[in-house]
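Student: Okay, here's the structure, questions in a sec.
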Amino acid sequence: MKIIDMHCDTISELADRGGELWKNSGHLDLKRMQESGYLLQNFALFVDIGKCTPTPWERVCALYEVYRTELEKNKNRIVPVLCYEDILKNEACGKLSALLTVEEGAVCGGSLERLRELYDMGVRMLTLTWNYRNELGWPATHRCLGQNRGDVDGRLTEKGETGIRGSDGRDAACGLTETGRDFVTEMERLGMIPDVSHLSDAGFDDVWECTKKPFVASHSNARAVCPSLRNLTDDRVRRLAERGGCMGLNYYDKFLVDGGSKDPEVLWEAMIRQARHITDVGGMEILGLGSDFDGIPTNPALPGAEALPVLWDRLKTAGFTENQLDGIFWGNVIRVYRDAL
């Protein structure tokens with residue numbers, strides 16, 4: 001079994017709470033990754049622009065230093081990758097791969113030069129928004145600056161809206177700005193993958209229009225199974241599949257089942273329903289893993305990287321073949337990296 005996970009917030013957790021990448025008390029560390037059979041982990045530099053001081057750019061640079069330092073300390077175990085071929089080289093050498101991402105396009109302040117600086121730092125995926133409106137576009141669930149991270153779960157009301165609007169009165173019906181479109185075009189030119197997780201529905205549609213290569217929803221589930229605006233509609237799952245992209249199964253209970261749950265069996269059933277529905281709608285090549293480890297409350301069914309073999313066994317018992325599981329656990333994502341990086 002091999003594992004590629006498209007999203008975790010471990011670097012931000014280490015920066016804020018301390019600990020080391022080799023072994024820590026969070027959801028993910030290198031020791032457990034090795035034991036579970038990981039091939040590659042996407043490490044996000046997550047920036048909450050409502051809290052960071054003094055600037056989002058300085059915050060992302062500080063997180064980058066944590067990432068760089070931890071990888072240097074563990075260079076015999078894990079190596080950063082900049083392209084598809086690097087992944088193959090690391091695997092041949094018996095080393096794990098780290099792919100650097102940024103979660104919150106606002107760190108660039110609308111500057112394409114800053115975007116290119118991120119690329120030069122090794123960033124190969126950018127989540128265009130988090131939960132705030134920024135220079136690039138509107139998120140699926142909009143919060144005001146200063147709201148706590150857990151305040152919004154994006155549940156649909158009977159009217160299909162969150163009821164959470166920015167000061168300008170606009171909501172998730174808004175998509176990318178012109179600057180956002182320019183960013184997506186430049187990202188595709190550079191070989192940096194646009195990530196539409198957290199982006200509004202209209203933003204997804206705009207990314208679709210602006211791109212030719214595959215893009216991803218690194219940690220998003222299906223809205224038809226769990227009615228959160230953070231999840232993708234069936235139509236968007238199909239279009240992502242048609243483009244050759246991939247979406248990562250998110251382990252957050254409130255994105256798995258309406259209202260959330262702390263019952264492990266309920267969560268296992270929900271993860272299986274999500275996997276079945278997403279692959280029924282988009283085909284077997286659409287689904288990957290996007291744990292959101294260290295960015296979500298602990299899922300008691302999947303409390304950390306050590307539990308990934310259990311996920312494999314649960315999905316196999318539910319009827320997925322080993323070839324299909326290989327695709328979900330690593331094959332579908334590495335195909336995107338081959339085609340887009």
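The values are calculated or read from the model by the stated rules, or taken from the named source; none is laboratory data. Treat the numbers as computed from the prediction; the structure is a model and nothing was measured. For neighbour counting, all protein chains shown are included, and Cβ atoms are generated from backbone atoms with ideal geometry for every residue, glycine included. In case anyone asks, the SASA skips ligands and DNA or RNA and just uses the protein heavy atoms, side chains included. Shrake-Rupley method; radii C 1.70, N 1.55, O 1.52, S 1.80 Å.
Student: Which of these values of P(r) over Cα pairs in 10 Å bins from 0, in percent was calculated from the structure shown: [x] 6, 28, 38, 24, 3, 0; [y] 5, 26, 35, 23, 9, 2, 0; [z] 5, 19, 19, 15, 12, 10, 8, 4, 3, 2, 1, 0, 0?
Tutor: Evaluating P(r) over Cα pairs in 10 Å bins from 0, in percent on these atoms matches [x].
Student: For a test of the definition: using alpha carbon positions, the gyration tensor, and the 1.5 limit on a/c, classify the range 94-143 as rounded, prolate or oblate.
Tutor: Because a/c hits 1.5 or more and a/b fails to exceed b/c, the range 94-143 counts as oblate.
Student: For the range 182-274, what does the relative contact order come out to in percent, with C-alpha contacts under 8 Å and a separation of six or more?
Tutor: 24 percent
Student: Given 5 Å bins starting at zero, what is the percent of C-alpha pairs of the range 1-120 in each, up to the one with the largest pair distance?
Tutor: Result, from short to long distances: 2, 11, 21, 24, 19, 13, 8, 3, 0 percent.
Student: What helices in the chain pass both tests, a Cα length along the helix axis of 24 Å or more and a mean Kyte hydropathy of -0.5 or higher, using whole DSSP H runs? Please list the in-between numbers first.
Tutor: Working: long enough: 56-73 (26 Å, -0.69); 264-282 (27 Å, -0.16).
Helix filter hits for the chain: 264-282.
Student: For the chain, what is the mean residue ellipticity at 222 nm derived from helices alone (per DSSP H run of n ≥ 4: -39500 (n - 2.57); sum divided by total residues; nearest 500 deg cm²/dmol)? Each step should come with its number before you reach the end.
Tutor: Numbers: 13 runs with 131 residues, N = 341.
-11500 deg cm²/dmol, from helical runs alone.
Student: Then there is this: Please work out whether the range 1-51 counts as rounded, prolate or oblate from its C-alpha gyration tensor, where a ≥ b ≥ c are the square roots of the eigenvalues and a/c under 1.5 means rounded, while otherwise a/b larger than b/c means prolate and anything else oblate?
Tutor: Verdict is oblate for the range 1-51.
Student: Between the alpha-carbon centers of the range 268-330 and the range 43-74, tell me the distance in whole angstrom.
Tutor: So the two Cα centres are separated by 28 Å.
Student: Would you please classify the overall shape of the range 56-110 from the alpha carbon gyration tensor, given that a ≥ b ≥ c denote the square roots of the eigenvalues, rounded means a/c under 1.5, and beyond that prolate means a/b larger than b/c while oblate covers the rest?
Tutor: Verdict is oblate for the range 56-110.
Student: To the nearest 10 Å², what's His277's accessible area with a 1.4 Å probe?
Tutor: Estimated to the nearest 10 Å², His277 gives 50 Å².
Student: Please work out how much accessible surface Thr185 shows to a 1.4 Å probe, ignoring ligands, DNA and RNA, in Å² rounded to 10.
Tutor: 80 Å²
Student: Roughly what % of Cα-Cα distances in the range 232-277 sit above 16 Å, to the whole percent?
Tutor: Values: 433 of 1035 pairs.
So the portion of pairs separated by more than 16 Å is 42 percent.
Student: Sticking with this one: Within the range 232-341, what whole-number % of the accessible surface is contributed by carbon and sulfur, with the 1.4 Å probe and all protein chains included in the calculation? Write out the running numbers ahead of the final one.
Tutor: Values: 1860 of 3940 Å².
In the range 232-341, the share of accessible area belonging to carbon and sulfur is 47 percent.
Student: Another question, if that's okay. Taking the Cα centre of the chain as origin, work out the dipole magnitude from +1 charges on Lys and Arg Cβ and -1 charges on Asp and Glu Cβ, in debye rounded to 20.
Tutor: Roughly 340 debye, rounded to the nearest 20.
Student: Would you mind getting the accessible area per residue of the chain, heavy atoms of the protein chains only, 1.4 Å probe, in Å²?
Tutor: Accessible area per residue: 38 Å².
Student: Also, I was wondering about something else. For the chain, with a Gaussian network of springs between Cα atoms less than 10 Å apart, report the residue from Cys108, Cys52, Cys246 with the top mean-square fluctuation.
Tutor: Cys52
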